[in-house]
Amino acid sequence: MTQQHNWTEMWPCLVVFLVITVSGGCTGKDTSNLIEYKYAAFSESLHAGKTMFIFFARHGSPTISLFLKELEKSSDALKDYGVLVGMVNCNKVVVGTYCTDERLLHRAFLFRGGDEFMKFSLDTVFDVNSIVSEVLFALLHEEVKYVHTGSDLMIMEKTAKGKKDIVLGYILSLGTPEHRSLMETAYAYGSTYQFALITGGPVLKYLSTESSHRSQVWFLHCRDHTGSINSLMSDRCLFTTMSKPLTTLNLHSFLQLMDAPLVTEVYEDPSTVLPPPVPYQHTPQVFLFSHPETAHLDMDTATSLALKLRGSALVVLVHRESPVVKSSQDYNVAFRFPEKGSEVKYLTLRGLNDVFDIFTNQEKEEDYDNVEEEEEEEEDYEEAHYDQLDDEIARSVYQSQGFIPEVDSITELTPENFHGAVAKRSLTVVLFHFQWDAVSSLFFESYIEVAEQFVDSEVQMSVVNCEEWTLLCAAQSENSQPIPFQPITSFPCILLLRPGEPAQVYRDMLDTEALYRFIVLSQKPSPLKVSTEEEVISFFQELPHPVAKYNPERVFGLFKTHAGSPHGETCQGTPPYGDILSSSPTERPTTLRRKLVLAACISVFTEAAKSLRGKVLTGLVTGELADKWAADHSADLPALFVFPSWRMHTPTVLPMSTSLKGLLSHINAALLHPMPELTVENLPSFLSLGKALLLLFVEEEEDDAGRRQTQVLVEEMKAVVELGQRKIEKYLPSWIHLGRTPAAMSVLGSYFGSMPHLPALVLTHLPSGPEIYQYPPNMPIAASSILSWLQRIEDGNETPAGLLGGDSWPPAFEFLDFLKLMDMEEGDEGIVDEEDFLSFSSAEIYDDDSSVHTEL
């Protein structure tokens with residue numbers, strides 16, 4: 001079907017069509033185009049290749065009568081799309097099996113190109129909306145695609161990038177007015193956009209709509225994907241949700257808005273700016289103000305707001321350097337709503353969310369009044385601050401700030417209150433941020449969610465605005481009190497501060513759940529000294545449910561502290577200390593020597609526990625309990641007992657070491673799952689092992705049967721580990737759930753240039769080269785078959801299915817290599833080897849009754 005319409009010629013017709021569609025058409029003269037065909041006319045139209053929707057009537061009934069009335073109504077609508085609507089009275093004319101076959105009694109037929117194209121049960125074409133929508137859906141079956149899974153959507157996005165934007169529709173039920181609106185729009189705009197229908201489930205989750213009780217439309221911005229906005233945000237297409245109900249007029253207006261400029265710049269006062277032109281004349285305008293000194297930051301702010309308001313309002317950036325801009329400096333935003341004519345409303349708002357709320361709240365007038373009342377109450381406060389600003393640049397920066405919302409659960413720290421605030425609480429969490437930084441702004445909402453969970457607790461959640469308090473962020477004190485952290489060099493940055501202790505840096509995911517878990521685990525002493533079974537039980541159980549459900553890893557250091565130990569304490573890496581201590585046997589009694597070695601072990605374990613704080617719970621076990629655990633597991637003291645999250649009842653027993661670097665390496669290796677589910681969060685840990693990835697990709701399941709199938713596949717992968725034993729040690733068998741880790745779909749697609757059939761098993765990241773191997777899709781995924789396949793790869797009898805990309809984008813300058821800087825910072829924290837350990841000035845030594853400090 002050809003859809004290359006000339007838009008200029010089509011526009012007047014489309015406007016008239018839209019008006020008729022909404023008004024329901026005229027009710028005067030009967031202009032029905034329902035044709036009752038005789039045999040000759042039917043045959044002539046059929047052989048002419050015309051598109052016809054025909055019902056073959058034989059027996060009269062109330063149901064048939066109602067259907068014929070709806071069929072008559074649909075004839076006018078479908079005529080606009082070149083579809084002839086008619087009926088054949090089989091009591092007068094017999095047309096082959098259509099009039100004689102009883103099975104076709106309640107069917108309507110669509111003919112196209114001289115052949116039967118599709119037949120419809122009257123249960124699916126029961127009224128004018130269902131008839132029009134189903135007929136158009138059938139005619140557009142090549143243009144309107146079905147999207148069932150996240151991988152389907154990813155493939156469609158990849159195909160559309162740089163070519164077409166995508167209009168994605170979710171229809172609660174086919175044959176409804178919403179379905180008709182989407183199909184009519186697809187017919188009109190099919191050559192401009194790629195239309196698609198989703199069935200719910202995984203795709204709705206990706207669109208942040210777990211379940212929807214109404215039909216919805218999303219616009220995926222794929223055509224300009226190479227532009228700066230999409231490139232900065234994601235390799236997926238950005239999408240905008242249509243907020244209004246799905247009707248033909250609303251959808252038409254929505255698509256027009258998607259082609260509007262994201263931000264319009266003007267150099268005149270908002271009161272003189274013309275209202276939006278056709279077809280945007282019914283769209284509200286939001287005016288933000290820009291200053292020369294902060295022009296690029298103001299444009300970033302306007303762009304961020306425009307992305308959030310896309311489809312709801314047009315954003316205009318007003319440059320104040322123009323002499324014709326007369327708006328008061330007291331205002332930072334203005335609005336114009338079409339229903340209010342040309343009137344412009346000026347306000348001073350604290351953040352982008354306040355602007356966004358005005359458009360999402362249906363009670364707009366009430367919102368304006370409330371905002372004005374708040375502004376009157378705060379007027380004196382604002383003016384007092386303006387008086388303290390020493391120049392126009394400072395005043396401009398002050399007006400541009402405030403796009404981070406103020407909440408009661410978060411304390412804003414300044415050089416004046418910093419030391420006092422940290423001293424008041426046992427734990428202070430500080431977010432150092434720039435208000436104009438996009439990552440800081442995006443993460444701040446998550447930070448607020450975390451802060452709300454620590455209200456009325458010993459944890460103080462706070463922020464430092466590094467745009468305003470530069471000296472504090474540079475770790476420079478304005479008085480004699482030292483700053484307990486190094487200068488902040490990357491943003492956002494989160495530090496955990498305790499009175500009298502060095503700062504602890506949060507380096508994990510900028511995510512609500514991950515940060516909350518880290519803070520909760522950081523509240524526990526590290527290590528916690530335990531010596532009884534009751535203390536151990538408490539150690540395992542005293543965690544909030546949101547954290548406890550993840551089974552945080554636990555590491556215990558077991559030490560014998562009896563002076564009469566028959567064999568003494570030994571640690572891996574202690575020979576240097578043994579040589580020193582044995583050099584003067586008369587000066588160093590055996591008991592003291594054992595205590596010194598014990599001190600070395602305990603000190604290193606304590607440093608390791610501090611390094612793991614927030615990620616792992618650590619305990620220091622002494623006395624009879626340590627003896628009992630060692631005997632139960634046939635271990636020699638001192639020893640490490642590691643309880644990974646995936647095996648909490650059976651510990652991994654490791655020897656103790658006086659090398660902090662070696663000890664941390666052993667602990668981290670013991671915590672890694674032998675057949676893990678890879679996620680964005682844990683992937684770096686597993687890649688650091690340097691092993692080839694034997695990686696199984698599984699799609700999100702829609703029912704219990706799918707979940708059982710996934711479990712079977714995972715069990716087969718575990719069997720690979722058990723059967724392969726030492727042969728499999730060079731590989732890391734693992735799996736990725738594309739529903740829980742949708743970013744992996746892009747990775748899998750990049751391996752082969754297109755999305756393979758799922759489940760897919762690949763071998764990648766080989767130390768020997770960039771080759772990628774794909775397990776034969778037609779073979780069942782079974783442990784024995786996988787091992788045979790790996791052997792064929794090792795023997796050189798398998799052909800690679802692809803290669804890892806060699807492209808890289810190094811930083812322009814060395815000082816911009818932030819990943820390298822982070823690695824250096826992380827590597828410098830608490831890593832102590834044997835030689836460094838000798839420089840420790842003292843170590844804490846435990847015996848049965850007390851602890852004493854002995855100079856080494």
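The values are calculated or read from the model by the stated rules, or taken from the named source; none is laboratory data. Everything quoted here is computed from the prediction, not taken from an experiment. Every residue, glycine among them, receives a Cβ derived from its backbone with ideal geometry; neighbour counts consider all protein chains shown. Just so you know, the surface numbers come from the protein's heavy atoms only, side chains and all, with ligands and any DNA or RNA stripped out. Shrake-Rupley method; radii C 1.70, N 1.55, O 1.52, S 1.80 Å.
At residue 746 and residue 510, where each label point lies 7 Å from the Cα along Cα→Cβ, what is the point-to-point distance in nanometres?
Label at residue 746, label at residue 510, 1.6 nm between them.
Tally Lys and Arg at +1 and Asp and Glu at -1 over the other residues with C-beta under 13 Å from the C-beta of residue 248: what net charge comes out?
-1
Apply 1/(1 + (r/R0)^6) to the Cβ-Cβ distance of residue 687 and residue 319, taking R0 = 51 Å, and write down the FRET efficiency to the nearest 0.05.
0.60
Would you mind counting up the charge near residue 625? Only other residues with Cβ under 13 Å from its Cβ, with Lys and Arg at +1 and Asp and Glu at -1.
-3
Measuring from label point to label point, each 7 Å out along Cα→Cβ, what is the residue 478 to residue 503 span in nm?
Distance between the two pseudo-spin positions: 1.7 nm.
Please give every one of the lysines within straight-line cross-link reach of residue 691, meaning a C-alpha to C-alpha distance under 19 Å, and leave out same-chain neighbours fewer than 8 residues apart.
718, 727, 730
Once you have the Cα-Cα distance between residue 458 and residue 174, take 0.36 nm times their residue separation minus that, and quote the gain in nm to one decimal.
Answer, rounded to one decimal: 96.8 nm.
Which whole-number value in Å³ per residue fits the convex hull of the alpha carbons of the stretch 32-127?
91 Å³
Any idea what Rg and Dmax come out to for the stretch 70-178 if you just take the C-alpha atoms, in Å?
17.3, 56
Using only the heavy atoms of the protein chains and a 1.4 Å probe, how would 757, 666 rank by accessible area, largest first?
Correct descending sequence by accessible area is 757, 666.
Please give the FRET efficiency for residue 628 paired with residue 709, using the beta carbon to beta carbon distance and R0 = 35 Å, rounded to the nearest 0.05.
Efficiency for this residue pair is about 0.20.
Cα extents of the stretch 409-523 along the three principal axes, largest first, in whole Å?
Principal extents (Cα only, largest first): 37, 31, 22 Å.
Report the Cα-based extents of the stretch 650-788 along its three principal axes, largest first, to the nearest Å.
That gives 51, 33, 30 Å along the principal axes, largest extent first.
Applying a 10 Å radius around every beta-carbon, put 667-680, 101-114, 123-136 in order of their mean neighbour count, most first.
123-136, 667-680, 101-114
Which residues among the stretch 426-452 fall inside the zone where the amide N is under 12 Å from a point 7 Å beyond the Cα of residue 409, along Cα→Cβ?
445-452
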